Protein chains: 2
Amino acid sequence: MIRLSVFYPSAEGATFDHDYYRDKHVPLAVKAWGLDGAEIDKGVDGPYVAAVHFKFASPDALAAAMGSPGTGDVLADVANYTSIAPVLQTSEIVE
Amino acid sequence: MIRLSVFYPSAEGATFDHDYYRDKHVPLAVKAWGLDGAEIDKGVDGPYVAAVHFKFASPDALAAAMGSPGTGDVLADVANYTSIAPVLQTSEIVE
């Protein structure tokens, strides 16, 4: 299994609409990529104001999702909830 | 639910023993804190060479775990698998 985590680093003056993220953006990504769901984090302490974790069956499944037609809409939607440039991490889930 | 994520940033010359981490360190932390388990990431692409995610029922449960007698052993064990200073993130799991 592959985890795609997207992190939003906190920064002076940065904005992040947690409600829009939960209600609109993450569901848009989940639908575009044909996933069952995702786990959303609201930062309490540490470098990130928010994060999301998506799981894919394989590196190929992740690559197929990123190349799917809906990905453009997902990326274009980022400006609707934050001024922060997201940081992406791809990992193999060891256990 | 609260997620405690621990990230290990990749750096020139840094070392990380993924086998020791999976087989010894994370089980030590899980036992010390009375958890059911944890999710371990092995970095494929992005800023982190490894990460782990622990779930706690509440902020109080997290604080109690951090203050428990076993936490000292967990922290002292870090030098056995990596030269990297871990980065901690605490988050509320939104969904």
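Per-structure values
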read-out	value
Looking only at region B:1-23, and only at residues there that are assigned to a loop (DSSP other than H, G, I, E, B) and of a type in the set (A, V, I, L, M, F, W, C), the one that is nearest to the other protein chains (Cβ to nearest Cβ)	B:Met1
Any hit, region A:83-92, residues being more than 13 Å from the chain's Cα centre (by Cα), buried (at least 19 other Cβ atoms within 10 Å of the Cβ) and closer than 21 Å to B:Val44 by Cβ	yes
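Coordinate-derived values only; no laboratory data. As the structure is a computational prediction, the values presented were derived from the model and not from experiment. Cβ sites come from the backbone with ideal geometry, for glycine too, and all protein chains shown count toward neighbours.
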